[in-house]
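> I am attaching a structure below and will ask some questions about it afterwards.
Just so it is clear, none of the values below were taken in a lab; they were calculated from the coordinates. Since this is a predicted model, take the numbers as computed values, not measurements. Cβ sites come from the backbone with ideal geometry, for glycine too, and all protein chains shown count toward neighbours.
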Amino acid sequence: MSEPLPVNPVMLRWARETGGFNIDDVVSKLKRKRITSVTVASWEKGTASPTYIQLERLAYEIYKRPLALFFFPEPPEEETPAESFRTLPQEEIDHLEPRVLYLVRQAKVMQENLRELFDGVNPAENQVCSTLTINRTDAISDIAKSVREFLGVGLNEQYELRTNDKAFKYWRDVLEKHGVFVFKDAFKDDECSGFCLYDDVFPVIYINNSQAKIRQIFTLLHELAHFLFKTGGIDLRHDDFVQNMRGTNRRVEVFCNKFAGEFLVPTEDIKPQIRNKTIDDNLLIQLARKYSVSREVILRKCLDLKQISNTFYEDKVREWKEEGFTRISSVSRGNPYYTKGAYLGSHYIETAFSKYYQGDISKTQLADYLNINEMHVSTFESYVLHGRAAT
């Protein structure tokens, strides 16, 4: 019989709890008849230990932590989700899916990557997070207008964004030009549209690529609003929890949603387009396409401007929600290199390859920055940087 591994049981429990798993989740994912909840509990008590193969699966497949971490004498200092998202109630943090918790850790890794790639200096000349300050007593319409002016974006440019794909790329480029780094991933959790981690130098936004582009666009601006308050945040599809919040945290969450809607659809611009008009599906769709937003954003504007009743608003929201449940969606598996390129963004990728070409980093380091296997770097380069046609 092989010697038991000198795994620290404290680290096993810490990795499970910070990953958002209970013991039964771990048993289910290990998928071994001989491994029960009693087995996993005994590992965490130190009365038994996993085999090396079992530890590899725990580390790499389930907890997504470096294997060496499980031999540490104590957990490393790590900012908790509650510290990252100070405005989110604890009960909502407790319900975050393990995949989202993993991506939050990954976002922190990306922030460190950015510090290394840019030598600790944000390359943007006009950084929206560190330069722009807001007066909380100002009207949201005035704040949204000042942010648009700072970013240099006009409504005519927005009208020209004929597709939602182009619109998302446009807003992403605008934010990155002004010092905000935007990454994407498949969250595998439809309730979470995205999150942001505030930092004085390298603020990061993560977007759920599994959701519609119009939702991704709204989330971008929701998270930008969090940055105006110098805080991180999460954009959840359900916002019932906001009604139960109190004080500053509630004001921040309400502000972020209202700011995103006002920024994308300025009140003064849409007012004359809905005044004395019949608010029906055709008009809502027409305006949603014009601004590259969802029908819900336009509908909310109509409610705020008292062009529709609360009953009409609630009926429409319920109707569209039911449509969403019955609609059949197909997800095509595209080229994985293009997908990775979309997740990381051209700015980040070009900077990483530039460092590699200049000899500042090795191929192994480049692969780490791109979060891909080193043997795939050349193929990734040919597809994403040089536009090789997919086969």
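> In region 181-229, which trypsin sites (Lys or Arg not before Pro) are in a loop and have at most 16 other Cβ atoms within 10 Å, using DSSP for the loop call?
Loop-located and lightly packed - Lys188.
> If each residue of separation counts as 0.36 nm, what is the full-extension length gain between Asn249 and Asp190 once their alpha-carbon separation is subtracted?
Roughly 18.9 nm would be gained on extension.
> Considering only the chain, what is the antiparallel percent among its DSSP beta bridges, to the nearest 5?
DSSP beta bridges in the chain are roughly 60 percent antiparallel.
> What is the extension gain from Ser378 to Phe241, computed as 0.36 nm multiplied by their sequence separation minus the C-alpha to C-alpha distance, in nm to one decimal?
My answer for the length gained is 44.7 nm.
> For Val265, enumerate residues with amide H under 5 Å from its amide H, sequence gap 5+ or separate chain, H modeled in the peptide plane.
Residues meeting the criterion, in which the H sits 1.01 Å from N, do not exist here.
> Continuing with the same structure: Give the relative contact order (percent, whole number) for region 9-78; include only Cα pairs under 8 Å separated by 6+ residues.
Relative contact order comes out at 43 percent.
> Mind checking the alpha-carbon convex hull of region 90-264 and giving the volume per residue in Å³?
112 Å³
> Continuing with this model, one more query. Let a ≥ b ≥ c be the square roots of the eigenvalues of the Cα gyration tensor of region 266-321; is it rounded (a/c under 1.5), or, if not, prolate (a/b larger than b/c) or oblate?
Because a/c hits 1.5 or more and a/b fails to exceed b/c, region 266-321 counts as oblate.
> Once you've got the Cα coordinates, tell me which of Lys29/Lys188; Lys271/Lys301; Lys169/Lys321; Lys213/Lys271 are over 18 Å apart.
Beyond 18 Å between Cα atoms: Lys169/Lys321; Lys213/Lys271.
> Also, quick follow-up: Apply the Karplus curve 6.51 cos²θ - 1.76 cosθ + 1.60, θ = phi - 60°, to the phi angles in region 40-55 and return the couplings in whole Hz, x for Gly and Pro.
Once θ is set to phi - 60°, the couplings for region 40-55 become 5, 5, 5, 5, 6, 8, x, 8, 8, 9, x, 6, 5, 5, 5, 5 Hz.
> What translational diffusion coefficient, to the nearest whole µm²/s, does the chain have by Stokes-Einstein, given a Kirkwood radius computed over alpha-carbon pairs, a temperature of 37 °C and 0.692 mPa s viscosity?
Estimated diffusion coefficient is 141 µm²/s.
> Pop out the ³J(HN,Hα) list for region 310-323 in order, Karplus 6.51 cos²θ - 1.76 cosθ + 1.60 with θ = phi - 60°, rounded to Hz; leave Gly and Pro as x.
Going residue by residue, I get 4, 5, 4, 4, 5, 5, 5, 4, 5, 4, 5, 5, 5, 4 Hz, with x marking Gly and Pro.
> Could you order peptides 148-157, 53-62 by the average number of other Cβ atoms within 10 Å of their residues, highest first?
For the peptides 148-157, 53-62, the packing ranking is 53-62, 148-157.
> Follow-up. Tell me, Kirkwood radius of region 7-99 from alpha-carbon pair distances, in Å?
14.0 Å
> Give me a comma-separated list of calculated 3J(HN,Hα) values for region 355-370, in order, Karplus coefficients 6.51, -1.76, 1.60 applied at θ = phi - 60°, integers in Hz, x for any Gly or Pro.
Using θ = phi - 60°, the values come out as 4, 5, 4, 7, x, 7, 9, 7, 5, 5, 5, 4, 4, 5, 5, 8 Hz.
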